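Asker: First the structure, which I've put down as structure tokens, then a few questions once you've had a look.
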Amino acid sequence: MVTNTREKNGAGAIRALNAPKPIEVRESKENRPSAIRTEGIWQGITAIQDIWRIDDEWWRPEELSRIYFTVSLKDGTTPTIFKDLLTKSWYQQSR
Amino acid sequence: MTIACVLVTYLPIKYEHLRYPEIRNKPLVIVKESSGKKYVYDHSPEARGTAKGMALEQALAKCPSAHVVQADTAAYGNFWERVIDSLEGRSPTVEDADLGLAYIDLRGLEGIYGTEANLIRAISSAVPSAYSPRVGVAPNKFLAYISAFFCDPGSASRVEGDAVAYLAPRSINILPTSLAIKEKLAGFGLNKIGEIARLSIGAMQAEFGPEGAKLWRLSHGIDDTPIVPRSHKETVEVCSELPAPTSVITTLMIAVENLLHQAFSRPSMKGKCARSLTIEANIQDKAKTFERRFVFREPMSDPRLTARLVGMKMEEISLPGPAESVSLKLADITGETGKQESLFYDVRRREQLDEEIEQLEARLGEKPPIFMIKEVEPWSRIPERRMALVPYAH
């Protein structure tokens, strides 16, 4: 439960956490991510650790359809990225 | 009952005349800044046309040749406090009514001083002669004040005979009431106190309410208001000369923190806390005093925490010049106090965090941008819906 701050309601006071950030991704022939551009630098993806898909909120005008990848980069980090299957855009969900 | 009134007129003016002898007998206006504007705090009789509370521009238009001096209220207050201390050495019952005005209960003192004349002489000597104190003696405070007001500077007088006859020819302007009431009295053609005394108390009360009844009683020389002695509050004072004059607040705060350690380590402060702190600094060359008073939300007993709190507020202040010395006064000393802390570590941590955020809010003057993570829909398949940042609530 969120603690009642007893302040006036306002959506502006609440900030999103872990909001997706748009990124640039190069895809392989199999439509898998092969490289991503982070902080202006292209990094090759050494391995894809996990893949999953979510299709949700079909009842809303803007439904949600994403395919997620947890990837390993050459610098050792393992960000989670996804492709929005409706807009064909790539996003990074977390570092 | 016999009461003496000690009256020093134009005290700030006389103080500045002693500080700056070259402006004696010249028109002098002392100004004080309030809400960004400068107002007349006091004026010498030579500054004709000026009045207390008048805007500086207006005062200078009335008296272009007037010398203007910034009010040093801390110095005037300290001087008058020393006078009150001296008067309390003469009588145990002294009321500090205002800057330059004090009332003393003379009952039982003739046995110490022999005669009333010796007693009055002793009281007059409590004020430096350069200030030309006036002393009035009467059976009550109002008559004693009137007696002091109309006697010659540096002398004493006593109200003898019929009080009504004594007051009758005096102007109503000396009555302790508001300007609006005085204007209304003048509107009714009541310009002398004797004219009020000739009316009935019912007529005065019907027109002016309780104030009218009070004025009627005063016009008959009746004043039952008691002398309210100064309440003695325990204070701790420490002072220190600075190695070199400085106008840098950070350097000043180092000296302040050292003095706080000294003050709180005194035996009289053992197990006690202070609710207020006054910092005074003597400014070089200008012979002025910088003074700031801080009142704490909770009684303080930790010198480091006190220095940190005061330092945050002092950062917003600039000294009027290099300070040569600094003194502290801890006041509103409370008895031994303790704070019940929670048994649980998490609760203690939370309370400590709440206090730190409160201090930050006091420093910034607004709510600091501190958020905490809250689970909103932890079951959601969409990662950004699971948690959100909400403003920290304490």
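The values are calculated or read from the model by the stated rules, or taken from the named source; none is laboratory data. Bear in mind the structure is a predicted one, so any value in this text is a computation, not a measurement. We place every Cβ from the backbone using ideal geometry, glycine too, and count neighbours over all the protein chains shown. What goes into the accessible areas is simple: the full protein's heavy atoms, side chains included, and nothing from ligands, DNA or RNA. Shrake-Rupley method; radii C 1.70, N 1.55, O 1.52, S 1.80 Å.
Asker: Can you pull out the trypsin sites (Lys or Arg not before Pro) in segment B:143-233 whose DSSP state is coil and whose Cβ has at most 10 other Cβ atoms within 10 Å?
Answerer: B:K233
Asker: Once you have all Cα-Cα distances for segment B:1-114, histogram them in 5 Å bins from zero and send the whole-percent values.
Answerer: With a bin width of 5 Å, the distribution comes to 2, 11, 19, 17, 15, 12, 9, 7, 5, 2, 1.
Asker: In segment B:46-130, which GluC sites (Glu not before Pro) fall in coil by DSSP and have 15 or fewer other Cβ atoms within 10 Å?
Answerer: none
Asker: Report which residues of segment B:378-394 become buried by 10 Å² or more of accessible surface when going from the isolated chain to the complete set of protein chains (1.4 Å probe; DNA, RNA and ligands ignored).
Answerer: B:R381, B:I382, B:P383, B:E384, B:R385, B:M387, B:A388, B:L389, B:V390, B:P391, B:A393
Asker: Still on this structure: Using only alpha-carbon positions, what ratio does the radius of gyration of segment B:128-236 give when scaled by 2.2 N^0.38 Å?
Answerer: Relative to the 2.2 N^0.38 Å estimate, segment B:128-236 comes out at 1.23.
Asker: List the aspartates and glutamates whose alpha-carbon lies under 12 Å from that of B:K14, not counting same-chain residues fewer than 8 positions away?
Answerer: Partners found: B:D42.
Asker: Step through the residues of segment B:296-302 one at a time and calculate ³J(HN,Hα) from phi using the Karplus curve (6.51 cos²θ - 1.76 cosθ + 1.60, θ = phi - 60°), rounding each to whole Hz and writing x for Gly and Pro.
Answerer: Whole-Hz 3J(HN,Hα) from phi for segment B:296-302: 8, 5, 10, x, 10, 10, 9.
Asker: Which positions within segment A:12-42 get 20 Å² or more of their accessible surface covered by the other protein chains, compared to the chain by itself, with a 1.4 angstrom probe?
Answerer: Flagged in segment A:12-42: A:A13, A:I14, A:R15, A:L17, A:N18.
Asker: May I pose another question? With all protein chains present, how much of the accessible area of chain B (probe radius 1.4 Å) comes from carbon and sulfur, to the nearest whole percent?
Answerer: Answer for chain B is 51 percent, counting heavy atoms of protein chains only.
Asker: Which of A:K29, A:K21, A:K83 moves the most in a Gaussian network model of chain A with Cα springs under 10 Å?
Answerer: Comparing A:K29, A:K21, A:K83 in a Gaussian network model of chain A, the most mobile one is A:K29.
Asker: Related question: Can you give the accessible area buried between chains A and B, summed over both chains, with a 1.4 Å probe, in Å² to the nearest 100?
Answerer: So the buried area, both faces added, is about 1600 Å².
Asker: Right, something else. Below 20 Å, Cα to Cα, which aspartates and glutamates can A:K88 reach? Residues fewer than 8 away in the same chain don't count.
Answerer: A:E24, A:E27, A:E30, A:D50, A:D55, A:D56, A:E57, A:E62, A:E63, B:E384
Asker: I need the per residue convex hull volume for the protein assembly as shown, using only the alpha carbons, in cubic angstrom as a whole number.
Answerer: 308
Asker: With a 1.4 Å probe and all protein chains left in place, how much accessible area per residue does the protein assembly as shown have, in Å²?
Answerer: Computed with neighbouring chains in place, this is 57 Å² per residue.
Asker: Next question, about the same structure. Taking 37 °C and 0.692 mPa s as the conditions, I'd like the Stokes-Einstein D for segment B:300-394 in µm²/s, using the Kirkwood hydrodynamic radius from alpha carbon pairs.
Answerer: In µm²/s, the coefficient is 185.
Asker: If you don't mind, another one. Can you flag which of B:K141/B:K192; A:K29/A:K74; B:K62/B:K192 are past 26 Å Cα-Cα?
Answerer: From the list (B:K141/B:K192; A:K29/A:K74; B:K62/B:K192), the Cα-Cα distance tops 26 Å for B:K62/B:K192.
Asker: Take the alpha carbon atoms of chain B, find their radius of gyration, then divide it by 2.2 N^0.38 Å using N residues; give the quotient.
Answerer: 1.32
Asker: Please list, in chain and number order, the residues 5+ apart from B:H43 or on another chain whose amide H is under 5 Å from its amide H, with Hs placed from the backbone.
Answerer: B:I30
Asker: Which GluC sites (Glu not before Pro) in segment B:249-324 pass both tests, a DSSP loop state and at most 10 other beta-carbon atoms within 10 Å?
Answerer: Sparse-neighbourhood loop GluC sites (Glu not before Pro): B:E316.
Asker: To continue, here is another question. Taking the Cα centre of chain A as the origin, how large is its charge dipole in debye, to the nearest 20, when only Lys and Arg (+1) and Asp and Glu (-1) carry charge on their Cβ atoms?
Answerer: Here the size comes out at about 220 debye.
Asker: What translational diffusion coefficient, in µm²/s and rounded to a whole number, does the Stokes-Einstein relation yield for segment B:34-79 at 4 °C and a viscosity of 1.567 mPa s, taking the hydrodynamic radius as the Kirkwood radius over Cα pairs?
Answerer: The estimated diffusion coefficient comes to 115 µm²/s.
Asker: Then there is this: Pop out the Kirkwood hydrodynamic radius of segment B:223-345 from its pairwise C-alpha distances, inverse of mean 1/r, in Å to one decimal.
Answerer: Taking the inverse mean of 1/r over all distinct Cα pairs, segment B:223-345 comes out at 15.9 Å.
Asker: So what is the relative contact order of chain B, in percent, for Cα pairs below 8 Å that sit 6 or more residues apart?
Answerer: It comes to 12 percent, rounded to a whole number.
Asker: Check which residues have an amide H placed less than 5 Å from B:A97's amide H, if you skip close sequence neighbours.
Answerer: B:A102, B:Y103
Asker: Oh, and also: In a Gaussian network model over chain B where Cα atoms closer than 10 Å are linked, find which of B:L328, B:L11, B:L353 has the largest mean-square fluctuation.
Answerer: The residue that fluctuates most here is B:L353.
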